[in-house]
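Student: A single structure is presented below for examination.
Derivation of every value follows stated rules applied to the coordinates shown; laboratory data play no part. All of these numbers come straight from a predicted model, not from anything done at the bench. Here the Cβ is made from the backbone with ideal geometry for all residues, glycine too, and neighbour counts use every protein chain on show.
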Ligand SMILES: Nc1ncnc2c1ncn2[C@@H]1O[C@H](COP(=O)(O)OP(=O)(O)OP(=O)(O)O)[C@@H](O)[C@H]1O
Ligand SMILES: [Mg+2]
């Protein structure tokens, strides 16, 4: 579904040059939920931004379904953002004055649907995330977890095959964070229309909900499990938690 090959990215130049991604290779299958971890500043958001068509890489390529991209600026990957990749951010990015259904429908209208179609699709997406009874509430009338679910509805409403989530639970309490993970799992493991999710999290507990974990370390991704990511398997040798 999604393949990243030898992706490189630097910022700055000369002695200020910062080589952030040094040849990232990874792939995600349809229906897979993958957690991306790594130290602050290791390039997790940079990687997501390039996959999501918000930033150009320097070398390498990204293949998503039939589409190959990665080295050209945002204006060359409008179709990727519109049709292929949905985003979930830490701080929801909802419009304060619009109801849940209008927040979701507006995004669909921007991508070319008529307002009737958009409203219908928005309602279906909100039902899917369990907000069928909150469609006409504005963000202030919703809890943080519910607001994030509106954002998730917005991201999945256009039937995009890949969802990128940069610390989606960063602003949520533990219970709401777990709900978001449960919803992600449900969306990935949906029998009719499974999507793929790549999510950044700093929380190993939440990461353990994913099918697989990747660690971004020194500019490259490596397969990981919770224990090795946290250095628990080094020198301890024991079975303790
Ligand atoms: N537009 C930019 N210009 C210059 N440097 C940048 C830019 N964007 C990111 N960087 C640098 O690239 C490195 C990786 O940043 P990135 O935001 O991808 O890290 P991260 O892994 O998401 O960190 P965090 O866990 O703190 O969110 C950092 O050192 C950052 O300062
Ligand atoms: Mg980041």
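Student: Helix 115-128 versus the longest principal axis of the chain: what is the Cα-based angle in degrees, 0 to 90, to the nearest 10?
Tutor: Value to nearest ten degrees: 60.
Student: To continue, here is another question. At R0 = 35 Å, how high is the FRET efficiency between residue 185 and residue 143 if r is their beta carbon distance? Nearest 0.05 is fine.
Tutor: With a Förster radius of 35 Å, E is 0.95.
Student: Can you compute the FRET efficiency between residue 13 and residue 222 using 1/(1 + (r/R0)^6), with r the Cβ-Cβ distance and R0 = 22 Å? Round to the nearest 0.05.
Tutor: So the FRET efficiency works out to roughly 0.20.
Student: I've got another one for you. Against the longest principal axis of the chain, how steep is helix 100-110, in degrees 0 to 90 to the nearest 10, with axes from Cα atoms?
Tutor: 80 degrees
Student: Across 10 Å bins from the origin, how do the percents of Cα pairs in region 44-159 run, short distances first?
Tutor: 14, 41, 29, 14, 1
Student: Any idea what angle helix 174-188 forms with the longest principal axis of the chain, computed on alpha-carbon atoms, 0 to 90 degrees, nearest 10?
Tutor: Helix 174-188 sits roughly 90 degrees off the main axis of the chain.
Student: Distance between the C-alpha centers of region 39-104 and region 140-171? Whole Å please.
Tutor: Value for the Cα centre distance between the two parts: 14 Å.
Student: Among 92, 137, 11, which comes first, second and so on when ranked by fewest other beta-carbon atoms within 10 Å?
Tutor: 11, 137, 92
Student: Normalised by the number of residues in region 68-187, what is the relative contact order in percent for Cα pairs under 8 Å and 6+ residues apart?
Tutor: 36 percent
Student: Further question on the same structure: Whole number please: convex hull volume per residue, Cα atoms of the chain, in Å³.
Tutor: Per residue, the Cα convex hull of the chain comes to 139 Å³.
Student: What do you get for Rg/Rh of region 172-229 when both radii come from the Cα atoms and Rh is the Kirkwood radius?
Tutor: 1.00
Student: With runs of 4+ DSSP H residues as the only contributors, calculate the mean residue ellipticity of the chain at 222 nm using -39,500 (n - 2.57) per run, divided by the residue total and rounded to the nearest 500.
Tutor: Per the formula, -8500 deg cm²/dmol.
Student: Once label points are set 7 Å from the Cα along Cα→Cβ at both residue 205 and residue 27, what is their separation, rounded to one decimal in nm?
Tutor: For residue 205 paired with residue 27, the spin-label model returns 3.5 nm.
Student: When only Cα pairs under 8 Å and 6 or more residues apart are kept, what is the percent relative contact order across region 1-92?
Tutor: For region 1-92, the relative contact order is 29 percent.
Student: Compute the relative contact order of the chain as a whole-number percentage, counting only Cα pairs closer than 8 Å that sit 6 or more residues apart in sequence.
Tutor: 26 percent
Student: Related question: Does region 8-77 come out rounded, prolate or oblate by the C-alpha gyration tensor, with a ≥ b ≥ c the root eigenvalues, rounded set by a/c under 1.5 and, if not, prolate when a/b is larger than b/c and oblate if not?
Tutor: Note, shape of region 8-77 comes out oblate.
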